[in-house]
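Okay, structure first, notes after.
The values are calculated or read from the model by the stated rules, or taken from the named source; none is laboratory data. Note that this is a predicted model, so its numbers are computed, not measured. Please note: Cβ atoms are built from the backbone with ideal geometry, for glycine as well, and neighbour counts cover all protein chains shown. For the accessible areas, the whole protein counts, side chains as well, though only heavy atoms, and no ligand, DNA or RNA atoms are used. Shrake-Rupley method; radii C 1.70, N 1.55, O 1.52, S 1.80 Å.
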Amino acid sequence: MLKPTDFPKTVSVTMFTCYLISAIFGVSGYWFFGENTEQIVLLNVQGSKFVSCCKILLCIDLIFTYPVVMRPSIEIVERTLSTMALPAIFATIFSNDCITEGVGVGRVCSQEACRLSWWRRLTACVILGFIAACAGLLIPSFALFSGLVGG
């Protein structure tokens, strides 16, 4: 950013713009479909090639943005697993040997330490993916709930 002092103003304008777009979209959806508005708005529109294309693009968007959204949670789970008192086999897998802060930062890891770090990351991803899947399946009206928190 050229002027870091402009950051708060830029964030405020951006957040307001996002709010305005979401509000216009929500009001227009309710205006067109009334109380029969589905939780997933694309389900309101009758099938056509354009709607099918939008649904496919939405699925692709969700696939690629899910890891970005989950990254902070994955890091928290990784750090928690690495500091917990675990049985010896798990303590080795979840050790701190290969944790680095950012890409290319930190010490060079041995092949074994990096392999173990990979297992820690995979385990954290699987745990959080399972929790997210269970939440999506078990919480009634999950689309409405996730819409409230920006999902």
*Please determine, by comparing only the residues of the stretch 37-63 that are among the polar types (S, T, N, Q) and farther than 17 Å from residue 142 by Cα, which one is least open to solvent (accessible area, probe 1.4 Å).*
44
*Hey, does the stretch 9-30 have a residue that's part of a helix (DSSP H, G or I), at positive phi and out of contact with any Cys (no Cβ under 8 Å at 6 or more places or on another chain)?*
no
_Where a residue in the stretch 44-55 is under 16 Å from residue 25 (Cα atoms) and its partner, wherever it lies, is in a helix (DSSP H, G or I) and open to solvent by 50 Å² or more (accessible area, probe 1.4 Å), with Cβ under 8 Å and at least six apart_ = 44/32; 44/33; 44/36
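So which residues in the stretch 50-77 are among the small types (Gly, Ala, Ser) and over 14 Å from the mean Cα position of the chain (by Cα)?
Pass one, the stretch 50-77, residues among the small types (Gly, Ala, Ser): 52, 73.
Of everything in the stretch 50-77, just one residue is among the small types (Gly, Ala, Ser) and over 14 Å from the mean Cα position of the chain (by Cα), namely 52.
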*Hits in the stretch 14-36 (condition: of a type in the set (Val, Ile, Thr), open to solvent by 80 Å² or more (accessible area, probe 1.4 Å) and under 23 Å from the mean Cα position of the chain (by Cα))*: 21
